[in-house]
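The values are calculated or read from the model by the stated rules, or taken from the named source; none is laboratory data. Note that the coordinates shown come from a computational prediction; the quantities given were computed from them, not determined experimentally. Please note: Cβ atoms are built from the backbone with ideal geometry, for glycine as well, and neighbour counts cover all protein chains shown. With ligands, DNA and RNA removed, areas are computed over all heavy atoms of the protein, side chains included. Shrake-Rupley method; radii C 1.70, N 1.55, O 1.52, S 1.80 Å.
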Amino acid sequence: TGPAADRLTAVATPVAGHADMHIMVMEGSVMQMRPVEAVDVPQGERIQFKPNGLHIMLTDLKRPLTRGERFPVTLDFEKAGKVDVEVLVLPIGASGYP
């Protein structure tokens with residue numbers, strides 16, 4: 001909601017050792033997952049993380065996550081700085097956020 005375009009450069013959460021941005025892309029007939037260094041956010045627009053698209057991958061979980069649980073994620077923007085959000089754990093196979 002900032003007055004200018006921004007760039008999301010990093011994500012972090014206390015529930016995992018690493019949180020990285022990735023995107024799923026079709027290469028021929030094979031779905032590939034690729035790391036994303038940063039995500040441009042145009043002024044007045046929003047980006048959406050979702051299954052089978054742009055998403056945050058958590059690795060080295062510090063404990064199992066359970067359906068319905070909520071946990072914090074910090075988004076780090078070039079201009080806006082750190083923004084804390086809350087994430088809801090959905091069941092495996094969910095097609096999007098409720």
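Quick rundown of the values:
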| item | result |
| --- | --- |
| Residue among 41, 87, 73 that is modelled with pLDDT of 90 or more and in contact with a Leu (Cβ under 7 Å, 6 or more places away or on another chain) | 41 |
| Residues of the range 61-74 satisfying the condition of being open to solvent by 50 Å² or more (accessible area, probe 1.4 Å) and β-branched (Val, Ile, Thr) | 66 |
| Residues of the range 23-35 that turn out to be closer than 13 Å to residue 49 by Cα and surrounded by fewer than 15 Cβ atoms within 10 Å (Cβ to Cβ), as a count | 1 |
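Yes or no, residue by residue, for (1) free of Cβ contacts under 8 Å to residues at least 40 places away in the same chain; (2) touching a strand residue (DSSP E or B) at 6+ places or on another chain (Cβ under 9 Å); (3) assigned to a strand (DSSP E or B); (4) surrounded by 10 or more Cβ atoms within 10 Å (Cβ to Cβ):
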site	(1), (2), (3), (4)
4	no, no, no, yes
17	no, yes, yes, yes
51	no, yes, no, yes
59	no, yes, yes, no
82	yes, yes, yes, yes
94	no, no, no, yes
